[in-house]
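The structure under discussion appears below in the form of structure tokens.
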Amino acid sequence: MIDSVLQDRYRILKEVGNGGMATVYLAYCSQLRRNVAIKKLKGKENVRSEALLDEAAAIAQLNHKNIVQVYDSFEEDGQRYIVMEYVEGPTLKDFLRSLPQPLKEKEIVAIGIKLAGALQHAHSNGVIHRDVKPDNIMLTSEYEPKLTDFGIAKVTSDSTLVKNDEVMGSLRYAAPEQLKGIHMDARSDIFSLGVVLYELATGEVPFSQDSPVTAAFRKLKEPIRPVREKNPAISSRLEHIILRATSIEPMKRYSSMLAMRRDLEGVYKMLSGERPVSYRSQDPPTPVIVAEEDRRPTSVVFYVILGVLLASITALAIFVPKFQERMAQPMTPAPYVVGMPYQDAMTILNDSKIEAVIIQARFSSEYPKGYVLDQSVAKDTMLRVSSRVELIVSKGNEMVKVPDLLLLTAQQAQAKLEEESLKLGSVTEEFDSEVPKDRVVSQSIGEGEDVAPDTTVDIVISKGEEPVKLIVPDVVGKEINEATQMLNEANIPIRGINHEYSDTVEELRIIRQSLPPTQEVPDGSGIYLVVSRGKEVIEEEPVPPVEEPKPPVEEPEPPADTPPPAPSTTNLTFSYSPTEKTNDSYYMAILAFDKNGKESDEPTYAKTHEKSEGDVSFTLEVLSGYTYRLYVDGVAVKDYVAP
């Protein structure tokens with residue numbers, strides 16, 4: 001196998017991996033001049049490889065920086081192959097084994113965010129990985145994680161079922177529904193990613209003391225133990241994310257990988273010293289509720305004592321002066337503190353030498369949380385100093401929980417908020433490469449937060465992936481092969497090449513290019529090149545020898561040939577209206593095609609226009625019966641047929 005060439009382009013250099021499903025080789029692609037990894041399927045994988053290659057074709061559509069790219073799949077000599085991006089680095093599993101202790105929490109969360117983003121991209125394209133584990137995560141030289149080995153991935157166009165006789169995914173990381181062989185969806189990958197984060201945080205997998213089979217059975221009925229039991233340095237927020245992701249029941253996990261990634265981003269901001277945007281300002285402190293005491297009027301107590309004292313002159317001599325002292329205390333009007341913050345109310349009452357006690361807290365739609373909604377005495381009631389006034393404090397509106405709005409449309413988000421007695425606030429838009437167009441990217445108040453009814457929740461809607469702008473390289477004067485390589489690296493295809501003579505530009509070098517150098521153009525724009533044929537060599541006609549004149553011989557004149565009729569011409573009007581996507585400075589060209597579809601050597605029209613000019617319209621004299629194609633920045637816009 002080593003040194004053999006597949007598909008006339010892939011030279012096998014060496015074997016780099018060997019597993020139960022395939023053997024992986026390092027190969028060199030002669031066409032693209034780069035190293036690639038080629039997976040040779042073996043055993044039963046080669047037998048059922050029709051389905052695997054169909055899935056590989058779907059996975060090849062994935063384009064994410066944290067996913068190993070699948071370039072190609074083919075069959076040769078009855079053997080199936082898959083061509084992938086080659087990553088030179090260890091697996092995450094090997095990296096963890098080399099560490100003396102678990103990673104720091106911020107490093108764990110950073111890896112989790114990138115893997116969640118990669119899986120969200122796969123899920124949004126209908127692909128479930130089904131075997132997420134550290135062995136299938138490569139680390140580049142910059143320690144960038146890349147998810148690989150979609151060998152058992154499933155395209156979710158049909159019901160995603162695991163075969164009863166074959167459990168997909170590694171037992172240590174597989175979700176309970178995978179182990180049972182029942183319906184699976186994106187939440188199965190969420191479970192596996194939760195187990196990976198558990199291992200990153202603790203240095204071991206759940207139920208590590210058991211065999212893989214025993215651990216798998218325990219996962220079906222026992223929840224994973226809290227991370228902080230193994231590593232107290234982990235925050236409770238990351239622990240909550242891992243426990244939620246690894247819930248036994250899929251309904252209790254995150255509804256999407258995007259929702260899990262958003263929570264991980266919140267933890268990362270917290271660890272970086274930033275306050276997550278979903279946090280609300282702190283509520284007023286909850287008042288301390290003092291249980292109502294048994295209160296008997298002091299006068300009753302006094303008269304009981306007085307009755308006893310009547311029996312003893314000595315007792316009367318002791319207590320009567322005290323009673324007189326009590327009665328001699330000054331009176332003060334009770335302040336009215338309803339509607340005030342309870343801290344201010346207690347200060348005012350204490351300044352009036354009246355004892356203030358909070359006896360109850362109630363929900364109220366009239367007063368905010370922490371404000372006094374009732375007091376035990378009316379306004380200006382005369383009280384003796386040191387008398388007691390009881391207060392009831394508001395707990396605010398009865399709270400409702402904010403629902404999860406991620407990936408909903410604006411209309412769906414509004415309906416869901418109204419179901420919870422909440423209101424939709426502002427709706428803004430931003431580009432997002434992972435969330436489909438017209439779906440919710442983020443919400444101003446996080447899922448599950450307690451808020452008052454009628455609270456406004458703002459949302460951000462995805463505008464889809466931001467259009468890629470390409471920079472046009474300067475290839476004028478470059479040799480044609482060098483120019484082609486520069487344009488390929490810039491992802492700008494060559495739409496056409498014309499040749500012409502030049503006294504100043506060497507043969508096979510570029511004279512002109514249709515797109516101006518350094519200009520930004522949208523992805524998909526093409527370019528036209530004019531290549532030099534070198535200097536035109538004009539051969540001198542030989543001078544015939546001088547012959548002696550001979551007498552003229554009269555011969556009959558042959559019938560005159562009828563010359564071919566010259567092609568007729570007509571006037572044709574061309575027009576173009578710039579759009580929002582049109583560059584500020586754009587190149588317009590018109591190419592002619594004869595009735596047989598053959599393209600003319602030179603453009604009929606070529607000129608750079610400014611977008612500020614507005615609509616462009618002009619009339620040219622053209623050949624009748626020809627088709628004229630209008631290009632803007634290398635992209636065909638419209639065909640005109642000359643009558």
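Worth pointing out:
- In the stretch 1-41, the portion of solvent-accessible area held by carbon and sulfur atoms comes to 42 percent [1.4 Å probe, whole percent, DNA, RNA and ligands not counted].
- Pairs beyond 31 Å (Cα-Cα), from Lys219/Lys395; Lys14/Lys146; Lys106/Lys369: Lys219/Lys395; Lys106/Lys369
- In this simple spin-label model, placing a label point 7 Å from the Cα along the Cα-to-Cβ direction at both Lys469 and Arg33 gives a separation of 2.9 nm.
- Proximal lysines relative to Lys221, as straight alpha-carbon distance under 28 Å, when same-chain residues fewer than 8 apart are discounted: Lys93, Lys133, Lys154, Lys163, Lys180, Lys230, Lys252
- Cα-based shape type of the stretch 224-277, given that a ≥ b ≥ c are square roots of the gyration tensor eigenvalues and the cut on a/c is 1.5: oblate
- Partner lysines for Lys416 [C-alpha distance under 16 Å; skip if fewer than 8 residues away on the same chain]: Lys401
- Considering only beta bridges that DSSP places wholly inside the stretch 322-459, some 50 percent are antiparallel.
- The stretch 171-227: trypsin sites (Lys or Arg not before Pro) falling in loop per DSSP and having at most 10 other Cβ within 10 Å: Lys221
- Net charge over other residues, Cβ less than 13 angstrom from the Cβ of Arg33 (K, R count +1; D, E count -1): +2
- Surface share of carbon and sulfur [accessible, 1.4 angstrom probe, percent] for the stretch 365-444: 45
- Thr484 accessible area, assembled protein chains, probe 1.4 Å, Å²: 40
The values are calculated or read from the model by the stated rules, or taken from the named source; none is laboratory data. Small disclaimer: the values here were computed from a predicted structure and weren't measured. A quick note on method: Cβ atoms are made from the backbone with ideal geometry, for glycine too, and the neighbour counts reach across all protein chains shown. Just so you know, the surface numbers come from the protein's heavy atoms only, side chains and all, with ligands and any DNA or RNA stripped out. Shrake-Rupley method; radii C 1.70, N 1.55, O 1.52, S 1.80 Å.
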